[in-house]
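**Q** Sharing a structure with you now.
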């Protein structure tokens with residue numbers, strides 16, 4: 001895109017924002033209102049979920065349960081980051097659950113049965129994930145097979161591989177302190193407050209640098225009001241989260257891993273050329289190819305990263321459960337990993353969303369699962385509710401997509 005085209009696009013966006021500001025956020029009816037809310041509607045949904053479960057069980061918003069919630073979503077959220085990347089392309093990966101179980105089994109067998117040190121064993125699990133992602137990317141790009149078919153076949157194949165790796169025992173208990181410590185390590189109160197200062201400072205610095213860079217490039221800087229609102233919201237959320245976690249066991253390592261991975265991939269997708277190419281391919285594959293983007297390479301890297309993150313999520317999940325068994329990576333894990341980003345606004349049609357959606361979505365879907373556990377709902381009811389939430393999110397995504405097109409914006 002030339003400098004002139006960039007300036008024209010910026011002017012068009014600014015003109016739209018000015019019209020939108022004059023009309024007001026509530027204009028255009030409820031659908032327009034939801035479309036303008038963007039990711040903010042996720043927080044409204046989360047607040048509603050927490051309010052409902054708190055009224056049903058007063059233990060829901062206790063520090064102990066919220067800490068457990070962080071531990072519960074760490075593994076699923078890590079897998080959801082990879083799913084989000086695939087969704088950016090307008091593709092799907094149905095094998096991430098099975099991949100997470102297989103990778104965890106490989107780590108467990110190497111560590112407990114073959115005497116491998118924990119770090120090499122974890123590394124081997126990640127390599128298995130990367131290899132599977134390479135295979136997925138190969139079939140999708142070289143043969144043009146829909147990712148749905150390729151990864152569905154993988155779902156079945158890798159479940160069989162899991163059973164083969166586990167062998168006749170069926171269950172392998174984890175005892176290594178390093179592996180177990182991934183989900184059972186907590187940091188002190190001092191560390192928590194230092195972390196809060198770092199997060200708030202990094203957010204402020206990032207926003208300031210973005211304004212400076214856009215000004216130097218001759219582009220209109222982001223809204224100062226929106227920047228201040230965003231900074232205050234993140235500061236309040238960070239302080240509250242640290243205070244709650246410190247009042248229980250402290251800051252969990254698993255939560256830091258999830259937060260760190262989210263921050264890393266937000267940077268990669270929003271601040272690098274590779275990230276812009278991912279969005280471009282997801283928005284219009286043919287246009288991206290004609291623009292000189294190596295579409296095949298982009299697809300390869302995304303599928304590799306998705307399966308590698310699935311393997312990392314499997315390691316975190318096994319660390320929390322202290323074991324790997326034949327059910328690892330199964331049950332509703334795949335549903336939860338996909339439902340989270342979709343609920344948070346990542347489009348199934350490709351080209352739109354944010355990696356932060358993986359974290360927010362995991363928090364929403366994890367809160368629902370956690371609340372249902374506290375209420376001791378049956379598995380049948382849990383599956384039906386979770387499936388209904390996913391369907392509602394998909395329908396809302398389709399409706400809001402049409403609304404955004406009607407409003408003339410891609411947000």
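**Q** Out of all the residues in region 21-40, is one or more at pLDDT 85 or above and farther than 29 Å from residue 217 by Cα?
**A** Scanning region 21-40, I find no residue that is at pLDDT 85 or above and farther than 29 Å from residue 217 by Cα, so the answer is no.
**Q** Cβ-Cβ below 9 Å, separation at least six or inter-chain, first residue in region 214-227 and under 15 Å from residue 204 (Cβ atoms), second assigned to a loop (DSSP other than H, G, I, E, B): which pairs?
**A** Correct list of pairs: 227/221.
**Q** Being within 15 Å of the chain's Cα centre (by Cα), modelled with pLDDT under 95 and closer than 18 Å to residue 71 by Cβ is the requirement here; does residue 322 meet it?
**A** no
**Q** Another question, if that's okay. Quick one: which of 192, 207 is assigned to a helix (DSSP H, G or I), surrounded by 14 or more Cβ atoms within 10 Å (Cβ to Cβ), free of Cβ contacts under 8 Å to residues at least 60 places away in the same chain and in contact with a strand residue (DSSP E or B) (Cβ under 9 Å, 6 or more places away or on another chain)?
**A** 192
**Q** Could you list all residues from region 165-178 that are in contact with a helix residue (DSSP H, G or I) (Cβ under 9 Å, 6 or more places away or on another chain), surrounded by fewer than 12 Cβ atoms within 10 Å (Cβ to Cβ) and part of a helix (DSSP H, G or I)?
**A** 167, 177
**Q** Here is a check on your reading of the model: is residue 70 farther than 20 Å from residue 307 by Cα and modelled with pLDDT of 90 or more?
**A** So residue 70 passes the test.
**Q** Kindly check whether there is at least one residue in region 256-276 that is farther than 28 Å from residue 314 by Cβ and not in a helix (DSSP H, G or I).
**A** Scanning region 256-276, I find no residue that is farther than 28 Å from residue 314 by Cβ and not in a helix (DSSP H, G or I), so the answer is no.
This table checks each residue for (1) under 13 Å from residue 319 (Cβ atoms); (2) under 23 Å from the mean Cα position of the chain (by Cα).
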position: 152; (1), (2): no, yes
position: 168; (1), (2): no, no
position: 174; (1), (2): yes, no
position: 181; (1), (2): yes, yes
position: 187; (1), (2): no, no
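**Q** Would you pick out the residues in region 117-133 that are in a helix (DSSP H, G or I) and surrounded by fewer than 22 Cβ atoms within 10 Å (Cβ to Cβ)?
**A** 118, 119, 120, 123, 124, 126, 127, 130, 131
**Q** Regarding region 280-303, can at least one residue be identified that is closer than 16 Å to residue 94 by Cα, in contact (Cβ under 8 Å) with a residue 12 or more places away in the chain, within 17 Å of the chain's Cα centre (by Cα) and buried (at least 16 other Cβ atoms within 10 Å of the Cβ)?
**A** yes
**Q** Given (1) farther than 27 Å from residue 146 by Cα; (2) crowded, with 18+ Cβ neighbours inside 10 Å; (3) modelled with pLDDT of 85 or more; (4) over 12 Å from the mean Cα position of the chain (by Cα), identify the lone condition not met by residue 403.
**A** All conditions are met except number (3).
**Q** Kindly list the number of the only condition in (1) over 12 Å from the mean Cα position of the chain (by Cα); (2) assigned to a helix (DSSP H, G or I); (3) buried (at least 19 other Cβ atoms within 10 Å of the Cβ) that fails for residue 310.
**A** All conditions pass for residue 310, except number (1).
**Q** While we're on this one: Are any of the residues in region 279-286 touching a helix residue (DSSP H, G or I) at 6+ places or on another chain (Cβ under 8 Å), closer than 20 Å to residue 370 by Cα and at pLDDT below 95?
**A** no
The values are calculated or read from the model by the stated rules, or taken from the named source; none is laboratory data. Predicted model only: the values in this text are computed from it and were never measured. Heads up, the Cβs are rebuilt from the backbone with ideal geometry, glycines too, and the neighbour counts pull from every protein chain shown.
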